[in-house]
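Some notes on the structure that comes next.
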Amino acid sequence: METWELNQKKKDYLNGYRDAKRREKRIHEQIQQLRLDTMFPCLQGDGMPRGSSQSDLSDYMERYDELMDELKQEGLNAIAEYTEIHRAIGKMKDEEEKEILERKYLIRQTWEKIAKELGCDRSTAIRKHGNALEHFEIPGDVQE
């Protein structure tokens, strides 16, 4: 496997926490929209008059419960992703490389913020990130 392919695979793995948090956020947004649609049916914007009935409320509660269960599960998934990634980074030897990967993938800081925290410029932080990726190993991954 080419170096850039391997680095991309590592980035995809490290971005697992970010992706889980995004999924969690989308579910939360769906819950908010469901609440708005139920509380203020006239805001649905299609011009049709709406009334509320017991059926509408039970449908709402059923969908709300489903979304809350999904949100809870996605939150647990995000915690599991974070923990796994944090442990994998923790196995690295170089403290600065650990810090770069934690700041980039777990704290989700910008390159500018990472560079400032490391006391270097942006391009140096990116170069050090490349070195950190070379030394990072995905748990259970067999290198070719």
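The values are calculated or read from the model by the stated rules, or taken from the named source; none is laboratory data. In this text the structure is predicted, and so the values were computed from the model without any measurement. Here Cβ is always computed from backbone atoms with ideal geometry, including for glycine, and neighbour counts include all displayed protein chains. The protein model used for the area step is the full one, side chains on, heavy atoms only, and it has no ligands, DNA or RNA in it. Shrake-Rupley method; radii C 1.70, N 1.55, O 1.52, S 1.80 Å.
Before I look further, what does the range 57-107 give for accessible area per residue, probe 1.4 Å, in whole square angstrom? Mind dumping the intermediate values first?
Numbers: 3230 Å² over 51 residues.
Using a 1.4 Å probe on heavy atoms only, each residue of the range 57-107 averages 63 Å².
How much net charge surrounds L106 when only other residues with a Cβ under 10 Å from its Cβ are counted (Lys, Arg +1; Asp, Glu -1)?
On the way: positive: R18, R103, K104, R108; negative: E81, E102.
Net of charged neighbours comes to +2.
Of T110, T124, which has the most accessible area with a 1.4 Å probe, and how do the rest follow in descending order?
Largest accessible area first, the residues go T110, T124.
Any chance you could give the angle, 0 to 90 degrees and rounded to 10, that helix 3-14 forms with the longest Cα principal axis of the chain?
Helix 3-14 sits at roughly 40 degrees to that axis.
Working out 0.36 nm times the residue gap between H135 and R108, then minus their Cα-Cα distance, what length gain in nm do you get to one decimal? Show your work: numbers first, answer last.
On the way: separation 27, 0.36 × 27 = 9.72 nm, distance 1.98 nm.
Once the chain is fully extended between H135 and R108, it gains 7.7 nm.
Calculate, in nm to one decimal, what H28 and M68 gain on full extension: separation in residues at 0.36 nm each, minus their alpha carbon distance.
Numbers: separation 40, 0.36 × 40 = 14.40 nm, distance 0.83 nm.
In short, 13.6 nm is gained.
With a Förster radius of 30 Å, plug the Cβ-Cβ distance of N15 and R35 into 1/(1 + (r/R0)^6) and report the FRET value to the nearest 0.05. It would help to have the intermediate numbers written out before the result.
Numbers: r = 30 Å, r/R0 = 1.00.
Efficiency, from the Cβ-Cβ distance: 0.50.
Give a residue-ordered list of calculated ³J(HN,Hα) values for the range 93-105 (Karplus: 6.51 cos²θ - 1.76 cosθ + 1.60, θ = phi - 60°; whole Hz; x for Gly, Pro).
Once θ is set to phi - 60°, the couplings for the range 93-105 become 7, 7, 5, 5, 5, 4, 4, 4, 5, 5, 5, 6, 9 Hz.
Which net charge results for the neighbourhood of Q30, defined as the other residues with beta-carbon distances under 12 angstrom from its beta-carbon, given Lys and Arg at +1 and Asp and Glu at -1? Walk me through the numbers on the way to the answer.
On the way: positive: R23, K25, R26, R35, R63; negative: E24, E29, D37, E66, E70, E74.
Every neighbour counted, the sum reads -1.
Under 1.5 on a/c is rounded, so check that first for the range 64-123, then, if it is not, pick prolate when a/b is larger than b/c and oblate when it is not; a ≥ b ≥ c are the square roots of the alpha carbon gyration tensor eigenvalues. Write out the running numbers ahead of the final one.
Working: a/c = 6.20, a/b = 2.04, b/c = 3.03.
The shape class here is oblate.
Take K21, K116 and sort them by solvent-accessible surface of the protein heavy atoms, 1.4 Å probe, largest at the top. Kindly include the intermediate steps, with their values, before the conclusion.
Working: K21 65, K116 150 Å².
Greatest to least solvent exposure: K116, K21.
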